[in-house]
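Peer 1: Quick one: the structure is below, and I'll ask about it shortly.
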Amino acid sequence: MEYILRSIKHKKIPINPAVVISNKSDAKGLKIAQRLGIKTEVIESKDFKGSRLEYDKKIISTLKKYGVTPKNGLVCLAGFMRIISPEFVKKYKNRIINIHPALLPAFPGLDAQKQAIDYGSKYSGCTVHFVDSGVDTGPIILQSTVKIRKSDTEKTLSKRILAAEHRAYPEAIRLVAEKRIKILGRKTIIS
């Protein structure tokens, strides 16, 4: 999130950030956003007693409050470790993007770096993708490859993948903001 906001501040991404929303009041990203002059909101997921749809409705109403609509807005997930309801995905179809620390479709879900090492993969990396109703299954916007070293641990690989994420995510957001991404079924075409 910080790299995205800094890229916007340095005019590398042509958008105006409206709000940073977190489900945890102690999230580090809230302080970073506030320091960069971005409005923040906390919507505690624990207050919704397992109702994913009700929680997502609150997120949607907060996005609308800040002018982030399905027509003109873009929702960028960063460290958001919740599965979004199908209703939210449908409402913001092709307007929600996420980053995952693996070369999807390989190793979706949690612990992707560990999965890649355990599998014996020679390469890993990150994937920026549109969010659909599956887990890490939406159309891919960009991928960045990272070679897995024999000496890698989950921690060392994660650190190198994070560096790749800091480059790939702002670039993908820029392409979406510039309307250079066209989605054809499962594929995206960059113009």
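Each value in this text was obtained by applying a stated rule to the coordinates, not by laboratory testing. Just so it is clear, the structure is predicted and the values come from calculations on it, not from any experiment. Using ideal geometry, Cβ is built from the backbone for each residue, glycine included, and neighbour counts are taken over all protein chains shown.
Peer 1: Picking from R174, R160, R95, which residue would you name as being in contact (Cβ under 8 Å) with a residue 60 or more places away in the chain and surrounded by 14 or more Cβ atoms within 10 Å (Cβ to Cβ)?
Peer 2: None of the others qualify; the one that does is R174.
Peer 1: Another question, if that's okay. Which one of these is in contact with a helix residue (DSSP H, G or I) (Cβ under 7 Å, 6 or more places away or on another chain), in a helix (DSSP H, G or I) and closer than 21 Å to L142 by Cβ: I4, I60, I15?
Peer 2: When all the criteria are applied, what remains is I4.
Peer 1: Scan segment 3-20 for residues that are out of contact with any strand residue (DSSP E or B) (no Cβ under 8 Å at 6 or more places or on another chain) and among the β-branched types (V, I, T) and report the count.
Peer 2: 3
Peer 1: Please identify the pairs in which a residue from segment 126-146 that is free of Cβ contacts under 8 Å to residues at least 60 places away in the same chain has its Cβ atom under 6 Å from the Cβ atom of a residue that is of a type in the set (D, E), counting only partners at least 6 apart or on another chain.
Peer 2: C126/E165; G138/D132
Peer 1: Can I ask one more? Out of all the residues in segment 1-37, which are under 26 Å from K179 (Cβ atoms), of a type in the set (A, V, I, L, M, F, W, C) and buried (at least 19 other Cβ atoms within 10 Å of the Cβ)?
Peer 2: Selection gives M1, I4, L5, I8, I13, V20, I21, A33.
Peer 1: Another question about this same structure. If the requirement is being under 21 Å from R186 (Cβ atoms) and among the basic types (K, R), which of these qualifies: K122, K159, K90, K150?
Peer 2: After applying the criteria, what remains is K90.
Peer 1: Which of the residues spanning segment 46-83 are crowded, with 19+ Cβ neighbours inside 10 Å and touching a Ser or Thr at 6+ places or on another chain (Cβ under 8 Å)?
Peer 2: Y55, D56, L63
For (1) touching a residue at least 24 places away in the same chain (Cβ under 8 Å); (2) closer than 19 Å to N72 by Cα; (3) surrounded by 13 or more Cβ atoms within 10 Å (Cβ to Cβ); (4) under 15 Å from the mean Cα position of the chain (by Cα), each residue gets a yes or a no:
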site: E87; (1), (2), (3), (4): yes, yes, yes, no
site: H100; (1), (2), (3), (4): yes, no, yes, yes
site: Q115; (1), (2), (3), (4): no, no, yes, no
site: K122; (1), (2), (3), (4): yes, no, no, no
site: T153; (1), (2), (3), (4): yes, no, no, no
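Peer 1: OK, next. Please count how many residues of segment 177-186 are under 13 Å from I15 (Cβ atoms) and surrounded by fewer than 12 Cβ atoms within 10 Å (Cβ to Cβ).
Peer 2: So the count comes out to 1.
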